[in-house]
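Asker: Sending over a structure as structure tokens; questions will come in a sec.
The values are calculated or read from the model by the stated rules, or taken from the named source; none is laboratory data. This one's a predicted model, so the numbers in the text were calculated from it and none came from an experiment. Ideal geometry is used to build each Cβ from the backbone, glycine not excepted, and the neighbour counts take in all protein chains shown. Areas reflect the complete protein model, heavy atoms only, side chains present, ligands, DNA and RNA absent. Shrake-Rupley method; radii C 1.70, N 1.55, O 1.52, S 1.80 Å.
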Amino acid sequence: MAVSETQRELDALAGAGLALASAGTLAEALQLVAHGAAAATGADLSIVRASVDGRAIALGVGAASQALAAELVRSGFDIEELPPDEESDPQRLPAVVRQVAARANASALLLLPVRVDGQVRGSLELMRAGDEFDDSERSFARLAASQAALAFRAFAVAPAVDSAADERLLTLAGDALAAGADEGRTAGQLARFAVDGTRASAALLWTRADGGGLELVGSAGGTGAADAALPAAERALTGRKAVAVENIGGSTSAALQLGQPPIGALQLLFAPGHEPTDDDLASLATFGVRAAHALRASIRSRTVALELDRTRALLAVVGQAISQLSLAHTLETAVARVAELLDTERVAVYLRENGRLYAAADVGLAGPHARLAERLLELSLGPYRSRGLLSIGDIGADPRLVGVADAAAEAGIDAAAAVPLLAQDDVIGLLAVFAPRGKALSDNESALLTALAAQLAVAVQNAQLHERATRLSNERERALDAERAASKQVRALYEISRSFAQSLSLEATLEAVASTVVDVLDVDAALIRMPDERRDWVLPRALKVAEPRLEDAVRTILFRPHPFGAHSIQRLFRLAQPFQLTAVEFPELAPFLERGWTGAAIPIATSAEVLASLTIVSMRPGAPVTQDTLDEAVRIAGQAALAIDNARLYQQQKQFADTMQRSLLPQSVPELAGLELGAAYESSAHVEVGGDVYDFMELPDGRLAVTLGDVTGHGIEAAADMAMAKFVFRSLAREHPEPGDFLQSTNDVVVGEIAPGKFITMVYVVIDPRTGGVAVAGAGHPAPRILAPDGSVSALEAHGLVLGVELGQTYEEVHATLQSGGAVVLYTDGVLEARAAGELYGPERLDRVLSERSALPPAELAQAVLDDCRAFARGELADDCAVVVVRRA
């Protein structure tokens, strides 16, 4: 610690010691010691206590806060609670000391007992916020405690009868309270200070009530005598003396008027033998002036606090209305808060609809009060519009309300205060408070009601606009939902119809139906089953799983045949009724249904029969298959039934056509030494019989004759022409084995047999397995290809008019030699004319496939050409395709 600081602290204690000599009372001396100790030790608060009747009473307080000092004077605790030695541990200090430290926000405490002649006569308490007291400061504290001991020795007068101290106490307390020490407890503190500063046994503080009488607002020393003392307090307020003294039941009452005009009275009750002296009354008169200031400050504080609370309530109502944007919630909150704030039981908010008011929200009301509200609004908007708030104290006696007095009486309404709800100069309603007769609103309450009405009008309009926008949005959303549902149905029908129109395939149609169901119904899987030909089983035909990663697992679970005779299957196919999936009827799904899976089985049926079953499954507990889902699935199944039925019939007809057409083709190829033969055929997507025909024949000289033709048209006539062409080949090849001669003879026969306007393209090839010689003649048919062992490809261009057009045609022959391992390839125009997006397959692609696959056996090479052609056409061949390969070994 610096020397200069030490000097200042010594000076502070020295000054306090010198001042002790001039002190007139013990309380004055201890007050000097308290100030000196605070200055010397750097304490924020110092208290010197003296032992009075076994209690340590605070007589000297040094503090920056005058209000805190006034509150602590005469506070105390039992002398036995004092520690015997110097103590700074808060846990070992009296509870009152710890409480004072908390009030002062002190973290450092120090208590020293004050001894006189070896006996503890009091204490010195030091407190501050910050560091603990150091050794030097503790030494100054001990010196201050010694000064207190000297004061105790010097003054033999008991503290309890120190009248001068009492007078100063009253003055100090009055000044502190007048400065606004603690407005919330002012009345009680005034009463307590009055008792502590006098010899009174009790103090009663009265203020004027609304009805004109007196109301007890604070007391000290008990309220048992309040009823008996009240008349004396009332008389004191009407008298001219500042302090009115009279005897009441053996006690002495001294009542002080508080303020001019009086706002209340402070009444002191003295026990017999302790009557107040003239000096006491003079001190009380001085205290009464300060107490009146403190009481007025307290009243103003309460008024401000009340206004603040009401403003907060107003903001709370408006804020809640803005946050909720709900008209009903806004109005219910408003009426409840208004009733609470104005302490009334009947409040209502009325809104206009079609030019009339209706009760939108109310509390404590019944009967036809809306009629009264109509009249109140009419008056508010008429001659009383400038007032803003219309207040009527007695509805029954008011001539302006004669026409609605009966409605008010039936509703039990005696008085009313009403404010119109205005939003941008538009009257949207009325806020009304119905108080008991004779109870008028205060200025503050009227201002609050007017302000609340203004804010409520804005909140109501915003809520109405929000609800109107929400209603329009909901209506628009419902319309959009309906449009989406209709769009889903149209899209489902389109997808199913498009797949059938594009592929004419039952399998493709079933796949399209399953995919559409998953997409439109937002389910996780869709499975279609159809009965087998004998109706022994219902077989899975198409499965669509929304999540590709789950497809294998779901296929394992669902893609199983079911016996056609099973109860659930019979229910579906015979009664055509959809149903929800259950663990009883589908035990294989039981573990999954228990975990939240849901599903349903739906018949896919025409008016005549059930064609298939559709099973839908949702694996998400939060998105179950509901009755709405089931109804939508039934509609889609009905749309799909026609496409599936057509595809099924088409498939049956296609199978019949293919069977007929293949019956005209050779069932096997001849085996000739030195040659390998292979053929491949695929019909088009059309259901009618095509016109492609090919055949082989071993000639008498050991050569192989091969023909490949394409009859114009489809259907039964094309089949007949195919049969005729095959018969001609079988009949003429042996008699006319050479290609040119054969086609000339064949043309003469075909001209007489084929219908006008029809014709046959044909290529005829003779191969000698011994020499490899190849002779070719063609009648309007694509040129055969010679495939060399090294993979190179060349064409045998043999030209001539198609068969069946004109008699007497001649056909040139083209010759070539096949090397060992080489091959000749014949094909119909369906190969070259396969299309993809308008582009033809063409001879270049054919030659590339032949070159790349030249090492394949003849049959596999022929099939490879057809596979590549089909892939190019994306699975759909527009015309029949036939390929024949003959390789020299």
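Asker: What nm value, rounded to one decimal, do you get for the distance between A553 and R437 when each label is placed 7 Å out toward the C-beta?
Answerer: Between A553 and R437, the simple spin-label model gives 8.1 nm.
Asker: How many nm is it between the label spots at Q91 and D532, if each spot is 7 Å from the Cα in line with the beta carbon?
Answerer: Between Q91 and D532, the label points sit 9.0 nm apart.
Asker: Continuing with this model, one more query. Considering Cα pairs under 8 angstrom that are at least six residues apart, work out the relative contact order of region 412-456 and quote it in whole percent.
Answerer: On the way: 49 pairs, mean separation 18.2, N = 45.
Taking the mean separation of contacting Cα pairs over the length of region 412-456, I get 41 percent.
Asker: Taking 0.36 nm per intervening residue step and subtracting the Cα-Cα distance, what contour gain separates R595 from S792 on full extension?
Answerer: Result: 64.5 nm gained on full extension.
Asker: Within region 435-472, find all residues whose amide N lies under 13 Å from a label point positioned 7 Å from the Cα of D394 along Cα-to-beta-carbon.
Answerer: 437-439, by backbone N distance to the label point.
Asker: Also: Which shape class applies to region 352-480: rounded if a/c is under 1.5, otherwise prolate when a/b exceeds b/c and oblate if not, where a ≥ b ≥ c are the square roots of the Cα gyration tensor eigenvalues?
Answerer: In terms of gyration-tensor shape, prolate.
Asker: Counting only residues 5 or more places away or on other chains, whose amide H sits under 5 Å from the amide H of D692 once H atoms are built in the peptide plane?
Answerer: Amide H to amide H, under 5 Å and 5 or more residues apart or across chains, D692 pairs with V711.
Asker: Compute the distance in nm between two label points, each set 7 Å from the Cα along the Cα-to-Cβ direction, one at R574 and one at A336.
Answerer: 6.2 nm
Asker: Provide the per residue accessible area, probe 1.4 Å, for region 722-793, rounded to a whole number of square angstrom. Please list the in-between numbers first.
Answerer: On the way: 2600 Å² over 72 residues.
So region 722-793 comes to 36 Å² accessible per residue, rounded to a whole number.
Asker: Probe radius 1.4 Å, ligands and nucleic acids left out: which of E806, E594, E475 has the largest accessible area, and how do the rest follow?
Answerer: Largest accessible area first, the residues go E594, E806, E475.
Asker: Does region 496-635 come out rounded, prolate or oblate, given a ≥ b ≥ c as the square roots of the eigenvalues of its C-alpha gyration tensor, rounded meaning a/c under 1.5 and, failing that, prolate meaning a/b above b/c?
Answerer: Cα axes put region 496-635 in the rounded bin.
Asker: Tell me, what HN-Hα J-couplings in whole Hz come from the Karplus equation 6.51 cos²θ - 1.76 cosθ + 1.60 at θ = phi - 60° for each residue of region 509-526, using x for Gly and Pro?
Answerer: 5, 4, 4, 5, 4, 4, 5, 5, 4, 4, 6, 6, 8, 6, 9, 8, 7, 9
Asker: Using a Förster distance of 25 Å, how high is the FRET efficiency between T450 and V427, based on the Cβ-Cβ distance and rounded to 0.05?
Answerer: 0.95
Asker: Once neighbouring chains are kept in place and the probe is 1.4 Å, which whole percent of the accessible area of region 731-828 is contributed by carbon and sulfur?
Answerer: 51 percent
Asker: Another question, if that's okay. Where a ≥ b ≥ c are the square roots of the eigenvalues of the C-alpha gyration tensor, would you call region 67-139 rounded, which needs a/c under 1.5, or, failing that, prolate if a/b is larger than b/c, or oblate? Before the final figure, lay out each step's value.
Answerer: Details: a/c = 1.69, a/b = 1.13, b/c = 1.50.
Oblate shape, in that a/c is at least 1.5 and b/c is the bigger or equal ratio.
Asker: How large is ³J(HN,Hα) for each residue in region 424-429, as worked out from phi by the Karplus curve 6.51 cos²θ - 1.76 cosθ + 1.60 (θ = phi - 60°), to whole Hz, x for Gly and Pro?
Answerer: The phi angles translate into 6, 6, 9, 7, 10, x Hz.
Asker: If you roll a 1.4 Å probe over the heavy atoms of the protein chains, what accessible area per residue do you get for region 385-444, in Å²? Provide the component values of the computation, followed by the final result.
Answerer: Working: 2890 Å² over 60 residues.
Normalised by residue count, the accessible surface of region 385-444 is 48 Å².
Asker: What list of ³J(HN,Hα) couplings, whole Hz, do you get for region 590-600 from phi and the Karplus terms 6.51, -1.76, 1.60, once you set θ to phi - 60° and write x for glycine and proline?
Answerer: Values, residue by residue: 3, x, 7, 5, 5, 8, x, 5, 9, x, 7 Hz.
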